[in-house]
Each structure stands twice: as C-alpha cells, then as structure tokens.
Amino acid sequence: MLKKDLRIKYSRLRSSLTISQVSSQSIAIANSVLQLPIWNNLYFHIFLPIEQKSEIDTEGIISILLGLDKNVIIPKIISDTSLEHYLLTDNTKFTTNSLNIPEPVDGITIEAKKLDVVFIPLLAFDKQGNRIGYGKGYYDRFLSECKEDVIKIGLSFFEAESNIEDVDTTDIPLDYCITPNKVYSFKTT
C-alpha cells in the first residue's frame, strides 16, 4: 500500500479504539518493552501522546524508565522542521502546542547525539521496519542527527503491513516495533 492510503486506513482504525482499548493496549506495549535488549543504555527519548488522535499512552514506559533510573528525554517542536529535546525532571512543566502535542515548556536540553534509544510514534509500519507517521518528517530529520547506532523503537496498536510501497531514501527504518501482541525485530546483527 502507499503511504497516503495507509495514513487514512490507520487514522480510521485508531480513531475507532475506545479509551479503554487505548489504555489496556498501551499497558501491554509498555510491558513488552521489558523484553528488549536496551537496558544497559542511559538516555531514552520518548514522545508524549496526542490524546485526540488516540496515540499510545507512553506513561507506562516512562514509569518503567524512571523506575530504572534512566534519563528520560521529551521532544519539543521548535520550528516547522526541527525538534529540541528536554530532560524530564520533577520540575518539568508542560504545555500543549498547536498540534495538540504535550511538550516541555523549557528545561535542560539534551543533544540528539547523546541519545541511546528513541521510541517513535507512527501510524503504520511494515515487515521490513519501515514506518509512516503523519508525513511532516520530524522524526526522520531528528533520527538523522542521532548517532549511527541509536536504537529506534516504534510503538503501534496494530500489526505490520506486508510492505510500504513508496519508501523514500530519507526514511529511516526501525530496529524494533512493539504492538500489544508482538515484538518485531528488524536488526540484522
């Protein structure tokens, strides 16, 4: 399928989920994170959900990370093309931006090159690890700024498509994707 068709399909599927389904499936995804070989790392970047778009609630994953004394980094949109990244602390204050994304008001910024693991929002992904988001390119640009071996983990309520037909050369594939029922690994080593 083409990206534009997948965006329509999965936006509809997500909007049909109940609040209870979003909550229970988000918990299942958070529990599956524990299976991944990522726990020797220190800097974990994670998004906060757009509730109006029934995105995965990342609170459970954040609780796990904080409980394991990991540094949790939250993104903030600073322009039409780029993100800044802030360390989550007890003093972090949040606001909702024009896209309804909760983000830090200010705080301690962390460079993309310092990140070890990035949890990535998406609408759909395929069995090769390609993902599609909303089409603005924030994450592909951001991931290109990270170190080469940063671990890229997608989070999805739905299973993999067989193939995304129109993958671009600038699209950066996932290393893993977690759904409520399965952990997909795309790492070749």
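The values are calculated or read from the model by the stated rules, or taken from the named source; none is laboratory data. Every value quoted in this text rests on a predicted model; they were computed, and no experiment measured them. With ideal geometry, Cβ positions are generated from the backbone for all residues, glycine too; neighbour counts draw on all protein chains shown. These accessible areas exclude ligands, DNA and RNA; they are computed on the full protein's heavy atoms, side chains included. Shrake-Rupley method; radii C 1.70, N 1.55, O 1.52, S 1.80 Å.
Some observations on this one:
- Based on DSSP H segments of at least four residues, each scored -39500 (n - 2.57), the chain has a per-residue ellipticity at 222 nm of -7500 deg cm²/dmol.
- The alpha carbons of segment 140-179 occupy a box of 28, 22, 13 Å along the principal axes, longest dimension given first.
- Taking GLY67, GLY137, GLY129 in turn, the Gaussian network model of the chain (Cα-Cα springs below 10 Å) assigns the largest fluctuation to GLY67.
- Share, in percent, of DSSP beta bridges within the chain that are antiparallel, nearest 5: 50 percent
- Accessible area expressed per residue, segment 81-160, with surrounding protein chains retained (probe 1.4 Å, Å²): 47 Å²
- Packing rank of 22-32, 7-17, where each peptide gets the mean count of other beta carbons within 10 Å, highest leading: 22-32, 7-17
- The charge dipole of the chain, taken about its Cα centre with unit charges on the Cβ atoms of Lys, Arg (+1), Asp and Glu (-1) only, comes to about 320 debye.
- Beta bridge orientation in segment 67-120: antiparallel %, DSSP, nearest 5: 100 percent
- At 1.567 mPa s and 4 °C, Stokes D of the chain from Kirkwood alpha-carbon radius, µm² per second: 77 µm²/s
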